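**Q** Right, I'll just put the structure down here and ask away after.
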Amino acid sequence: MQETGTNNGRGFWSSRFAFVLAAAGSAVGLGNIWGFPTTAAQNGGGGFVLVYILCILLVGLPVMLAEMVIGRAGEKNAVGALQHLKPGTPWYLVGVLGVVTGFVILSFYSVIAGWTVFYFIQAAGGALKVPEGQDSATYFGEMFESMTANPGYEILFVAIFMIATIAIVAAGVRKGIERSVKIMMPLLFVLLILLIGRSITLEGAGEGLRHYLKPDFNAINRDVIIMAMGQAFFSLSLGMGVMITYGSYLRREECLPSSAGYVVTADSLIAIFAGLIVFPVIFFMVAVHGAEAEDLVAQGAGLVFVIFPQILVELPGGAAVTAIFGSAFFLLLAIAALTSAISLLEVVTAHFVDDWKIPRKKAAWGLGGIIFLLAIPSALSQGAVEWLSEGGLFGVSFFDLLYIITFRFFLPVGALGLALFVGWAWGLKNASLAIQTGTPNFRLEKLWQIMIRYVAPIAIAVILASQIAAVFASSDDQEPAEPAAEESPAEAG
Ligand code: PFF
């Protein structure tokens, strides 16, 4: 293996801290703040959290390190790095799948992100208030529906979000991505703490926390494990080359294992903390309005965009408090989404910059523009255009279709490919040598090697096989190809 250490003149992060911040920014997203708590609630609370943590340790962390080392040693994007490390073999196709997955995920991710921008503007402008004599549940339900059913709004807010994403990626790794995460990540942290402080002092919060953190081992079954694994990949941004691409801008003397450890820890803590906001809020509604917790949890998008506003208007302190906490909450979501979206676009952009020699600005705007076009049917499938929506042409909405394909298949297949690449094709010896340039005493080396060569591929393969079996089983029953407990974030969290 020859390493020049110049990473083909593509530029470096200014420090390891910047790399960790950007990688954590990618990992921490809508999947943590909204996906994790609601998926946990739908899948047995504490039991799910436990399975999730196991998935993170046994599979997530080893694969994250594998991706980082591929990127740094390959000195290129997801496709180019694999080509560089194993020239003349088909392994680069795993990178191609990653680039395709980046396209697809960003197209539907930006739809929800667009909603967060819409609600941030509403909250900051004081528009989250219920007119005299109206019921707040109905009012906010209608507000959400009128947004999603309005093609103009749907497209406008995706466009605003995509322009912000593209502008950052077009500005480059240091001047765009690094600079923006250095502002956004600390802000995200402050907003998170502010919101936790508010929600854990709400009436009913204690009950909410008990429900969240009490493990229910009886609830652990095959579907819970599948969901936990899917959630782990999605949340850690694994399986599509984000960490390969970000790792390719890291210097050889930096320590990879501890970087991977920091990113995984930050991601898991923020997911778990987000539950400290969401669960008390659910149980506030239960305590104050006698709502059924299960009904609230089942709402998914409704939870964030309908139930939250109802609580916001009820906070003691009046309109100013509603505006402050409302805008803090939706800004938190929007920032989390933006730091993830830039990593998705960077995977795609870096491939075209490195391997097709397209200038960065052109690549970012051109590819971001195509992703925006692909986002339009997803945006319109939320109620604006019937045949794209639930029960239309696809049985599920166009949005859900893309979500299920990527979440359930593309990311696990990608992660399996990358684990096999490091464990068997490129080889443990080469990978370890490449890690050692920054970590001469990698103490957990043997353990990591066992994980990446055996444990991770077997675990992912078993879960993939069981997903495929579930699809066949449900198509035999003539039911939609979705086992129980699985719905997209837009539908159910
Ligand atoms: N990790 C992000 C989240 O939790 O919302 C989503 C994501 C970003 C998934 C980047 C995949 C990815 F490559």
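The values are calculated or read from the model by the stated rules, or taken from the named source; none is laboratory data. Note that the structure is predicted; figures quoted are calculated from it, not measured. Counting neighbours? That spans all protein chains shown, and the Cβs are built from the backbone with ideal geometry, glycine included.
Each row is one residue, and each column tells you yes or no for (1) under 26 Å from Phe17 (Cα atoms); (2) in contact with a Cys (Cβ under 9 Å, 6 or more places away or on another chain).
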{"site": "Tyr212", "(1), (2)": "no, no"}
{"site": "Ala232", "(1), (2)": "yes, yes"}
{"site": "Gly247", "(1), (2)": "yes, no"}
{"site": "Glu253", "(1), (2)": "yes, no"}
{"site": "Tyr262", "(1), (2)": "yes, no"}
{"site": "Ala266", "(1), (2)": "yes, no"}
{"site": "His289", "(1), (2)": "no, no"}
{"site": "Val297", "(1), (2)": "no, no"}
{"site": "Glu314", "(1), (2)": "no, no"}
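**Q** Looking only at residues in region 446-480 that are closer than 24 Å to Asp400 by Cα and either buried (at least 18 other Cβ atoms within 10 Å of the Cβ) or of a type in the set (Lys, Arg) (or both), which one is modelled with the highest pLDDT?
**A** Ranking the candidates gives Ile460 first.
**Q** Which residue out of Leu333, Leu374, Leu380 is in contact (Cβ under 8 Å) with a residue 40 or more places away in the chain, in contact with a helix residue (DSSP H, G or I) (Cβ under 8 Å, 6 or more places away or on another chain) and within 15 Å of the ligand (Cβ to nearest atom)?
**A** Selected residue: Leu333, the only one of Leu333, Leu374, Leu380 that is in contact (Cβ under 8 Å) with a residue 40 or more places away in the chain, in contact with a helix residue (DSSP H, G or I) (Cβ under 8 Å, 6 or more places away or on another chain) and within 15 Å of the ligand (Cβ to nearest atom).
**Q** Restricting to region 234-250, and then to whatever is in a loop (DSSP other than H, G, I, E, B) and of a type in the set (A, V, I, L, M), can you tell me which residue is farthest from the ligand (Cβ to nearest atom)?
**A** Leu250
**Q** Pick from region 213-233 the residues that are over 21 Å from the mean Cα position of the chain (by Cα) and part of a helix (DSSP H, G or I): which of them is farthest from Phe36 (Cα to Cα)?
**A** Filtering region 213-233 for residues that are over 21 Å from the mean Cα position of the chain (by Cα) and part of a helix (DSSP H, G or I), the one farthest from Phe36 (Cα to Cα) comes out as Asn218.
**Q** Is it the case that region 7-23 has a residue that's crowded, with 22+ Cβ neighbours inside 10 Å, within 30 Å of Arg222 (Cβ to Cβ), in contact with a Ser or Thr (Cβ under 6 Å, 6 or more places away or on another chain) and modelled with pLDDT of 85 or more?
**A** Checking region 7-23: not a single residue is crowded, with 22+ Cβ neighbours inside 10 Å, within 30 Å of Arg222 (Cβ to Cβ), in contact with a Ser or Thr (Cβ under 6 Å, 6 or more places away or on another chain) and modelled with pLDDT of 85 or more.
**Q** Report, by residue number, each residue of region 1-41 that is assigned to a helix (DSSP H, G or I) and over 18 Å from the mean Cα position of the chain (by Cα).
**A** Residues satisfying the conditions are Asn7, Asn8, Gly9, Arg16, Phe17, Ala18.
**Q** Which numbered condition trips up Leu61, out of (1) within 16 Å of the ligand (Cβ to nearest atom); (2) out of contact with any Pro (no Cβ under 8 Å at 6 or more places or on another chain); (3) under 22 Å from Ile193 (Cβ atoms)?
**A** Here Leu61 clears every test but (3).
**Q** Can you pull out every residue in region 195-205 that is in a helix (DSSP H, G or I) and touching a residue at least 24 places away in the same chain (Cβ under 8 Å)?
**A** Listed by number, the residues that qualify are Leu195, Ile196, Arg198, Ser199, Ala205.
**Q** Working only within region 336-367, note down all residues that are of a type in the set (Gly, Ala, Ser), within 11 Å of the ligand (Cβ to nearest atom) and closer than 16 Å to Ile163 by Cβ.
**A** Result: Ala337, Ala341.
**Q** Gly31: more than 16 Å from Val455 (Cβ to Cβ), surrounded by fewer than 24 Cβ atoms within 10 Å (Cβ to Cβ) and not hydrophobic (A, V, I, L, M, F, W, C), yes or no?
**A** Against the criterion (more than 16 Å from Val455 (Cβ to Cβ), surrounded by fewer than 24 Cβ atoms within 10 Å (Cβ to Cβ) and not hydrophobic (A, V, I, L, M, F, W, C)), Gly31 does not qualify.
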